[in-house]
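Asks: Okay, here's the structure, questions in a sec.
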There are 2 protein chains.
Amino acid sequence: MKITMAHGSGGRETSELINGIFAQNFGNSVLSKMEDSAVVPVNGNGCGKIAMTTDSFVVTPLFFKGGDIGRLSVCGTVNDLLMSGAVPKYLTCGFILEEGADTEDLEKIARSMQNTAEEAGVMIVAGDTKVIEGNGGIYINTSGVGFLKETMQTGADKCKSGDVILLSGNLGDHHAAILSARMEIENQIKSDCAPLGEMVGRMQKEGVEIHTMRDVTRGGLATVLNEISDTSGCGMNLQEERIPVSKEVKAFCNILGLDPFYMGNEGKMIAIVKKEHAQLALSCMRESRYGKDAAIIGEVTGSGEKVTVETALGGKRILSVLYGEGLPRIC
Amino acid sequence: MKITMAHGSGGRETSELINGIFAQNFGNSVLSKMEDSAVVPVNGNGCGKIAMTTDSFVVTPLFFKGGDIGRLSVCGTVNDLLMSGAVPKYLTCGFILEEGADTEDLEKIARSMQNTAEEAGVMIVAGDTKVIEGNGGIYINTSGVGFLKETMQTGADKCKSGDVILLSGNLGDHHAAILSARMEIENQIKSDCAPLGEMVGRMQKEGVEIHTMRDVTRGGLATVLNEISDTSGCGMNLQEERIPVSKEVKAFCNILGLDPFYMGNEGKMIAIVKKEHAQLALSCMRESRYGKDAAIIGEVTGSGEKVTVETALGGKRILSVLYGEGLPRIC
């Protein structure tokens, strides 16, 4: 069935769409009340704080090797909450559907969202659907709430000179998978799209003193590190040969002239940790489901310094943020 | 300036857009940390519960008499939280911009969001921006968190036979304003787009026993009452001559053959209250900024009955939900 403007009216057709697809897949005791707001408990977090985040997803194509817009929309928001040191709990999702969108696709996407939510341990508690004119596009906003521990002290302003920078796995997989799908190039590259709760939880449980966490998404590693550098005032220095990139992505980048430093990922994070905890953090990452290729990639340098990368030959260059459009509609 | 795909890259241009427009207008201590998640306190609500909601806004045109997509996006989410009995506190906003969107418009919209947030007593704590191909469209998702009082017991399942139904003001203003703008009809009709916190707070403070609250948006009064009827199992009976509709909107509807029962509003609510509290609720509404035309419009009837309306001449007809598209992109 194709979506029509009537599905956005708020009347019978909207209700059929919601009951037929969303309620079927997201069904839980909170959502199924179908009130205008979801009411959820915040007891038991032993702290008076929550984390909130929002992210919209406009990726094209909707389905790609290793994931789909639904999985992406849950992982993106879950990972943003994790990076602030919170335990993700509740998600809302807002669909903007273009007229002509396929309800079978929507059904697959909703199922994928629910599966990913279960994997990540979060509940989808509220939703909204709007319809606009167009050519069958599907856009998803997910917003989320997570609980913070009172002891949690992470943030872009918390890293300091001497800290060690870890990257949880290979760069560029998601970006290369989307680009391959869009250019109809056949290869083995899969999106890395994944929720990182297990990895973060393991580091926290083992007592790693994590100063800063950030997922490496749009803009790539270079942009993320520059943002942290801007906030903290510290420089960073990376060892180029330590940056993990898969053989396939390396070859793909060579052919197309892409730089993995600027490529988006959807299941990779950096952790900036106390120097003495770097090896512990590394083993935590490597023991986690999505962290087997984790590596120590560099260190935080002094205040006022820049983000730099040292090549295998000993050269050193400044790594600036992404200019221009990169690959649009990657997430 | 026109939005380009580069504004959605996550790199320098995205950051310029965010700092230049959003941070300028939404600037507050939480948002300005520019982390992936906002961290906010939930202390002091004396309860272990929060309310969460999400809503996307795709209204066209972006600016209309009485409001704009920005004011709408704050009011819609604030009102959804209020209707669950919560005190709205924090909003997130996700922008999806079509290439070619005008940054001056965006600036006006951001300012309007901030003004409305201040009026409603909420803080915009997190944001996200994506860019897609298109013709300059602007879409906004707002998601929100509110605090609940432990004593608060409202819901579509809480109303019962004998309860009185109040409507906070004239029906159809928003719908008629959008339709007028789209058809380029010159008239005096303004959108009713408004946050309803003062009104709800006044009823709560005065101790009105409110069983159900609902804002009367997409699908109109008829659809909203049918939804409550479906959930509660109760019927409802309205007195047609008591339903407030302004002279201008009545004339507009007569000419175009529209039915105010199915027209969307953005600053109107119904409250279903204990019979003995109906007059108190009415004076609370009428004393509130957006409630001077409030009226008692009917009552809740027995289990298994339908939503009906009695005409001035004594006839009775069944009021069903909206079928078909009504007016798309009204909110």
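Asks: Every residue in region B:93-130 that is of a type in the set (Ser, Thr, Tyr) and at pLDDT 95 or above, please.
Replies: B:SER112, B:THR116
Asks: Another question, then. Considering only region A:244-265, I want to know if a residue exists there that is closer than 21 Å to A:HIS174 by Cβ, of a type in the set (Phe, Trp, Tyr) and touching a strand residue (DSSP E or B) at 6+ places or on another chain (Cβ under 9 Å). Explain how you work it out, then say what you get.
Replies: We begin by selecting, within region A:244-265, every residue closer than 21 Å to A:HIS174 by Cβ; these are A:244-265.
Filter again for of a type in the set (Phe, Trp, Tyr), leaving A:252, A:261-262.
Then drop every residue that is not touching a strand residue (DSSP E or B) at 6+ places or on another chain (Cβ under 9 Å), which leaves A:261.
Yes - at least one qualifying residue is present in region A:244-265.
Asks: Among the listed residues A:VAL300, A:VAL321, A:VAL245, which satisfies the condition of being β-branched (Val, Ile, Thr) and modelled with pLDDT under 95?
Replies: Unique residue meeting the criteria: A:VAL321.
Asks: Could you say whether any residue in region A:157-178 is in contact with a Ser or Thr (Cβ under 9 Å, 6 or more places away or on another chain), surrounded by fewer than 24 Cβ atoms within 10 Å (Cβ to Cβ) and at positive phi?
Replies: For region A:157-178, residues in contact with a Ser or Thr (Cβ under 9 Å, 6 or more places away or on another chain), surrounded by fewer than 24 Cβ atoms within 10 Å (Cβ to Cβ) and at positive phi: present.
Asks: Another question, then. With respect to B:GLY85, is the statement that it is in contact (Cβ under 8 Å) with a residue 60 or more places away in the chain, at positive phi and either away from every other protein chain (no Cβ under 11 Å) or hydrophobic (A, V, I, L, M, F, W, C) (or both) true? It would help to see each step written out before you state the result.
Replies: Working: in contact (Cβ under 8 Å) with a residue 60 or more places away in the chain: yes; at positive phi: yes; either away from every other protein chain (no Cβ under 11 Å) or hydrophobic (A, V, I, L, M, F, W, C) (or both): no.
In short, no.
Asks: It is to be established whether one or more residues within region B:243-263 are within 14 Å of chain A (Cβ to nearest Cβ), under 28 Å from B:GLY146 (Cβ atoms) and not acidic (Asp, Glu).
Replies: yes
Asks: Going residue by residue through region A:47-57, is there one that turns out to be modelled with pLDDT of 90 or more and more than 7 Å from chain B (Cβ to nearest Cβ)?
Replies: So far as region A:47-57 goes, yes, one or more of its residues are modelled with pLDDT of 90 or more and more than 7 Å from chain B (Cβ to nearest Cβ).
Asks: Which one of these is buried (at least 22 other Cβ atoms within 10 Å of the Cβ), of a type in the set (A, V, I, L, M) and not assigned by TED's automatic domain parsing to the domain that holds B:ILE189: B:VAL74, B:VAL30?
Replies: Values: B:VAL30 fails: buried (at least 22 other Cβ atoms within 10 Å of the Cβ).
Exactly one of B:VAL74, B:VAL30 is buried (at least 22 other Cβ atoms within 10 Å of the Cβ), of a type in the set (A, V, I, L, M) and not assigned by TED's automatic domain parsing to the domain that holds B:ILE189, namely B:VAL74.
Asks: Mind listing just one residue for me: the one in region B:133-177 that is touching an Asp or Glu at 6+ places or on another chain (Cβ under 8 Å) and of a type in the set (D, E, K, R) and, of those, nearest to B:SER229 (Cα to Cα)?
Replies: B:ASP163
Asks: From A:GLY66, A:GLY70, A:GLY10, A:GLY76, grab the single residue that is at positive phi and more than 7 Å from every other protein chain (Cβ to nearest Cβ).
Replies: Criteria check complete, one pass: A:GLY66.
Asks: So which of B:THR154, B:THR142, B:THR217 is under 16 Å from the mean Cα position of the chain (by Cα), modelled with pLDDT under 95 and crowded, with 21+ Cβ neighbours inside 10 Å?
Replies: Numbers: B:THR154 fails: under 16 Å from the mean Cα position of the chain (by Cα); B:THR142 fails: modelled with pLDDT under 95.
Step by step, each of B:THR154, B:THR142, B:THR217 is checked, and only B:THR217 is under 16 Å from the mean Cα position of the chain (by Cα), modelled with pLDDT under 95 and crowded, with 21+ Cβ neighbours inside 10 Å.
Asks: I need a count of the residues in region B:282-331 that are within 14 Å of chain A (Cβ to nearest Cβ) and within 19 Å of B:GLY197 (Cβ to Cβ).
Replies: 1
Asks: For region B:238-247, which residues satisfy the criterion of being surrounded by fewer than 16 Cβ atoms within 10 Å (Cβ to Cβ) and in contact with a Leu (Cβ under 8 Å, 6 or more places away or on another chain)?
Replies: Within region B:238-247, no residue meets the criteria.
Asks: Next question, about the same structure. When region B:175-201 is examined, which residues are found to be closer than 23 Å to B:ASN115 by Cβ and hydroxyl-bearing (Ser, Thr, Tyr)?
Replies: B:SER191 - this is the single residue of region B:175-201 that is closer than 23 Å to B:ASN115 by Cβ and hydroxyl-bearing (Ser, Thr, Tyr).
Asks: Additional query: Are any residues in region A:228-237 in a helix (DSSP H, G or I) and either free of Cβ contacts under 8 Å to residues at least 12 places away in the same chain or surrounded by fewer than 19 Cβ atoms within 10 Å (Cβ to Cβ) (or both), and if so, which ones? Full working, then the answer.
Replies: Applying the first criterion (in a helix (DSSP H, G or I)) to region A:228-237 yields A:228-232.
Once the filter is applied, which keeps residues that are in a helix (DSSP H, G or I) and either free of Cβ contacts under 8 Å to residues at least 12 places away in the same chain or surrounded by fewer than 19 Cβ atoms within 10 Å (Cβ to Cβ) (or both), region A:228-237 yields A:ASP230, A:THR231.
Asks: Now a separate question. Does A:VAL245 satisfy the criteria of being aliphatic (A, V, I, L, M), part of a loop (DSSP other than H, G, I, E, B) and touching a residue at least 60 places away in the same chain (Cβ under 8 Å)?
Replies: On the way: aliphatic (A, V, I, L, M): yes; part of a loop (DSSP other than H, G, I, E, B): yes; touching a residue at least 60 places away in the same chain (Cβ under 8 Å): yes.
The answer is yes for A:VAL245.
Asks: Further question: B:ASP36 fails exactly one of the following numbered conditions: (1) assigned to a loop (DSSP other than H, G, I, E, B); (2) facing chain A (nearest Cβ under 8 Å); (3) within 30 Å of B:GLU184 (Cβ to Cβ); (4) not aliphatic (A, V, I, L, M). What is the number of that condition?
Replies: Failing condition for B:ASP36: (3).
Asks: Do we find that A:THR77 is closer than 30 Å to B:VAL224 by Cβ and of a type outside the set (D, E, K, R) in this structure? Write out each step before concluding.
Replies: Working: closer than 30 Å to B:VAL224 by Cβ: yes; of a type outside the set (D, E, K, R): yes.
Criteria met by A:THR77.
Asks: Go through (1) under 18 Å from A:PHE147 (Cβ atoms); (2) crowded, with 23+ Cβ neighbours inside 10 Å one by one and return the number of the condition A:LYS49 breaks.
Replies: Unmet for A:LYS49, out of (1) under 18 Å from A:PHE147 (Cβ atoms); (2) crowded, with 23+ Cβ neighbours inside 10 Å: (2).
The values are calculated or read from the model by the stated rules, or taken from the named source; none is laboratory data. Remember, it's a predicted structure, so these values are computed and weren't measured experimentally. Note that we place each Cβ from the backbone using ideal geometry, even for glycine, and neighbour counts take in every protein chain shown.
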